[in-house]
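One structure below.
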Amino acid sequence: MLAKKFLTLKDYQLLTLAWLFMLSLVCLNCTVHSLFIAKTRVDIASSIAWSLQKYGIWLLITPLICMGLQAQFSFKRILSIGVSALLIVLCVNTSLDILFEGIRWQESVFYNWHKHVFAYGGIVLVIWVRKQLFSESSTAENCANSSDVVSDEKAPLSGHLVTSELRLAFSDIYYAKSSGNYIDIVTKHKTYLLRMTMKELVALLPSDYFIRTHRSYIVNLAHTEHMQNIRAGNANLVLANAQNVPVSKSQRQLVKQLLAQ
């Protein structure tokens with residue numbers, strides 16, 4: 001449960017917590033050093049001040065680094081942001097060393113630059129790992145969603161076409177053909193005549209199975225066998241009852257994709 005909460009944190013929030021934890025460890029280390037090595041009085045305020053002097057600047061710039069790397073996570077971007085961040089950190093850190101400890105800037109830079117390089121590398125590593133985790137999670141979710149869609153598409157065709165003139169099971173319909181102000185509903189053994197428009201009929205049929213292959217034809221994909229290409233980019237859809245239904249040039253690619261599912 002706690003791990004899930006951590007995963008929901010944004011990069012800069014997680015890294016800020018990590019820096020606070022590290023600063024706490026530095027303070028603890030100073031306290032242990034005072035108690036058991038230097039044998040002096042423990043000064044918590046001085047320990048906190050020293051840890052902030054060394055690494056506190058990272059607390060301020062880490063959110064900016066995260067924003068920059070979220071916008072584009074490439075090697076060039078990582079390098080450019082890294083150089084800028086290290087220059088800022090070293091300038092601040094060196095200035096504080098000179099001001100409070102009287103250390104020469106050359107010594108401060110020499111003894112501290114590699115620590116800050118590792119600190120920036122840790123930030124980049126955390127962001128990269130989280131990107132990988134969320135990418136895998138997103139992929140798994142998409143696969144699950146795709147599986148759900150496939151399952152829905154393969155569900156048995158049920159329900160009825162109900163009008164004032166007719167009640168007919170969807171599964172019995174092979175195709176519908178526009179004939180003036182009427183529509184012919186063709187089944188395996190019989191053809192029914194309805195007074196309605198193609199637009200009205202499309203609204204009554206389940207779109208998962210019925211597709212308008214032509215201006216004048218609607219076909220039940222559950223009863224299709226294959227598609228035959230003919231001249232000028234048009235095609236015929238061969239049905240299970242051996243009848244052919246025309247497929248217009250504009251609908252041919254869509255029909256092909258649906259048949260491949």
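In the range 28-46, is there at least one residue being over 40 Å from the mean Cα position of the chain (by Cα) and surrounded by 15 or more Cβ atoms within 10 Å (Cβ to Cβ)? Can you show your working first?
So in the range 28-46, the residues over 40 Å from the mean Cα position of the chain (by Cα) come out as 28-46.
Going one step further and asking which of them are surrounded by 15 or more Cβ atoms within 10 Å (Cβ to Cβ), we end up with 30, 34.
The answer is yes, given that some residue of the range 28-46 is over 40 Å from the mean Cα position of the chain (by Cα) and surrounded by 15 or more Cβ atoms within 10 Å (Cβ to Cβ).
Selection of the range 217-236 for residues being under 20 Å from LEU157 (Cα atoms) and either free of Cβ contacts under 8 Å to residues at least 12 places away in the same chain or surrounded by 13 or more Cβ atoms within 10 Å (Cβ to Cβ) (or both) yields TYR217, ILE218, VAL219, ASN220, LEU221, ALA222, HIS223, THR224.
Somewhere in the range 195-207, is a residue outside any loop (DSSP other than H, G, I, E, B) and touching a Lys or Arg at 6+ places or on another chain (Cβ under 8 Å)? Scanning the range 195-207, I find at least one residue that is outside any loop (DSSP other than H, G, I, E, B) and touching a Lys or Arg at 6+ places or on another chain (Cβ under 8 Å), so the answer is yes.
Taken over the range 130-165, the criterion of being modelled with pLDDT under 85 and of a type in the set (A, V, I, L, M, F, W, C) is satisfied by LEU133, PHE134, ALA140, CYS143, ALA144, VAL149, VAL150, ALA155, LEU157.
So, of the residues in the range 50-88 that are loosely packed, with under 14 Cβ neighbours inside 10 Å and aliphatic (A, V, I, L, M), which turns out to be farthest from ASN112 (Cα to Cα)?
Restricting attention to the range 50-88, the residues satisfying the condition of being loosely packed, with under 14 Cβ neighbours inside 10 Å are 60, 67, 70-77, 79-80, 83, 87.
Now drop any that are not aliphatic (A, V, I, L, M), which leaves 60, 67, 71, 79, 83, 87.
Details: LEU60: 18, MET67: 25, ALA71: 29, LEU79: 19, VAL83: 15, LEU87: 12 Å.
Applying the filter and picking the extreme gives ALA71.
The helices (runs of 4 or more DSSP H) located wholly in the range 1-95 that include 1 or more residues which are touching a helix residue (DSSP H, G or I) at 6+ places or on another chain (Cβ under 7 Å), over 27 Å from GLN132 (Cβ atoms) and not polar (S, T, N, Q) occupy 11-32, 44-71.
Could you tell me which residue of the range 158-194 is nearest to LEU237 (Cα to Cα), considering only residues that are without any contact (Cβ under 8 Å) to a residue 24 or more places away in the chain, in a strand (DSSP E or B) and under 41 Å from the mean Cα position of the chain (by Cα)? Among residues in the range 158-194 that are without any contact (Cβ under 8 Å) to a residue 24 or more places away in the chain, in a strand (DSSP E or B) and under 41 Å from the mean Cα position of the chain (by Cα), the one nearest to LEU237 (Cα to Cα) is ALA169.
I'd like to check something: does the range 244-256 contain any residue that is buried (at least 16 other Cβ atoms within 10 Å of the Cβ), among the polar types (S, T, N, Q) and touching a Ser or Thr at 6+ places or on another chain (Cβ under 6 Å)?
Pass one, the range 244-256, residues buried (at least 16 other Cβ atoms within 10 Å of the Cβ): 245-248, 251-252, 255.
Among the residues that remain, those that are also among the polar types (S, T, N, Q) are: 248, 251.
The next check asks that each one be touching a Ser or Thr at 6+ places or on another chain (Cβ under 6 Å); those that pass are 251.
Yes, the conditions are met somewhere in the range 244-256.
Within the range 95-124, the set of residues being modelled with pLDDT under 90 and under 16 Å from ILE81 (Cα atoms) is empty.
The values are calculated or read from the model by the stated rules, or taken from the named source; none is laboratory data. No experiment lies behind these values; they were computed from the predicted model shown. FYI the Cβ positions are ideal-geometry reconstructions off the backbone, even for glycines, and counts take in every protein chain you see.
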